[in-house]
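Below is one structure; the comments refer to it alone.
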Amino acid sequence: QVQLVESGGGLVQPGGSLRLSCAASGSIFKIYPMGWYRQAPGKQRDLVAAIASGGSTNYADSVKGRFTISRDNAKNTVYLQMNSLKSEDTAVYYCNNWGFRPWDWGQGTQVTVSS
């Protein structure tokens, strides 16, 4: 089982930037596609961005051109660079594998975009 720890969230003004990190335990991390997901209050958890083990990426339409997902397999870490943040990006952000049975979810990291 892989353990996931997300960090980097916070309060930011509209138009600002944040960089989220997700540290994963276990050497199997590097062979899995990984995704960043978010869940706003009262809504379901949705995929925001995904990255294959080889580095190809996919993004939700709502974040294309603003968010960038990346990974460092040597550090067992996946990142989400978020630019031009909007109020509708406010949510708890989680990472997990993409396309496979989810590992246990971490605690997530809260992102609040507000002036």
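The values are calculated or read from the model by the stated rules, or taken from the named source; none is laboratory data. Please read all numbers here as calculations on a predicted model, not as lab measurements. We place every Cβ from the backbone using ideal geometry, glycine too, and count neighbours over all the protein chains shown. When the accessible area is computed, the model is the full protein with side chains, heavy atoms only, and any ligands, DNA or RNA have been set aside. Shrake-Rupley method; radii C 1.70, N 1.55, O 1.52, S 1.80 Å.
Results, tabulated for the structure shown:
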{"quantity": "Test: residue in segment 51-61 that is within 16 Å of Gly8 (Cβ to Cβ) and hydrophobic (A, V, I, L, M, F, W, C)", "calculated": "no"}
{"quantity": "Close pairs from segment 17-40: first under 18 Å from Gln110 (Cα atoms) and in contact (Cβ under 8 Å) with a residue 40 or more places away in the chain, partner in a strand (DSSP E or B) and open to solvent by 40 Å² or more (accessible area, probe 1.4 Å), Cβ under 6 Å, at least 6 apart", "calculated": "Arg19/Gln81; Ser21/Ser7; Ala23/Val5; Gly35/Leu47; Tyr37/Leu47"}
{"quantity": "All strands (runs of 3 or more DSSP E) inside segment 1-62 with 2 or more residues being of a type in the set (Gly, Ala, Ser) and within 12 Å of the chain's Cα centre (by Cα)", "calculated": "18-24, 46-51"}
{"quantity": "Residues of segment 41-64 satisfying the condition of being of a type in the set (D, E, K, R) and under 18 Å from Thr109 (Cα atoms)", "calculated": "Lys43, Arg45, Asp46"}
{"quantity": "Breaking point among (1) without any contact (Cβ under 8 Å) to a residue 60 or more places away in the chain; (2) over 23 Å from Phe100 (Cα atoms), for Gln81", "calculated": "(1)"}
{"quantity": "Those strands (runs of 3 or more DSSP E) lying entirely in segment 71-115 with at least 2 residues within 11 Å of Met34 (Cβ to Cβ)", "calculated": "77-82, 91-97"}
{"quantity": "Test: Lys64 is more than 13 Å from Tyr32 (Cβ to Cβ) and free of Cβ contacts under 8 Å to residues at least 12 places away in the same chain", "calculated": "yes"}
{"quantity": "Residue selected from segment 53-78 under the condition open to solvent by less than 40 Å² (accessible area, probe 1.4 Å) and β-branched (Val, Ile, Thr), by the criterion farthest from Phe29 (Cα to Cα)", "calculated": "Val63"}
{"quantity": "Selection within segment 11-22 - under 13 Å from Asn96 (Cα atoms) and touching a helix residue (DSSP H, G or I) at 6+ places or on another chain (Cβ under 8 Å)", "calculated": "none"}
{"quantity": "Long-range neighbours under 6 Å by Cβ, at least six apart or interchain, first residue free of Cβ contacts under 8 Å to residues at least 60 places away in the same chain within segment 95-107, second part of a strand (DSSP E or B) and open to solvent by less than 90 Å² (accessible area, probe 1.4 Å)", "calculated": "Pro102/Asn96"}
{"quantity": "Count of residues meeting criterion [in contact with a Ser or Thr (Cβ under 7 Å, 6 or more places away or on another chain) and not hydrophobic (A, V, I, L, M, F, W, C)] in segment 33-70", "calculated": "2"}
{"quantity": "Candidates Leu11, Leu47, Leu18, Leu85, filtered to the one that is hydrophobic (A, V, I, L, M, F, W, C), under 22 Å from Ser115 (Cβ atoms) and open to solvent by 50 Å² or more (accessible area, probe 1.4 Å)", "calculated": "Leu11"}
{"quantity": "Filter result (of a type in the set (A, V, I, L, M, F, W, C) and modelled with pLDDT of 95 or more) within segment 25-47", "calculated": "Met34, Trp36, Ala40, Leu47"}
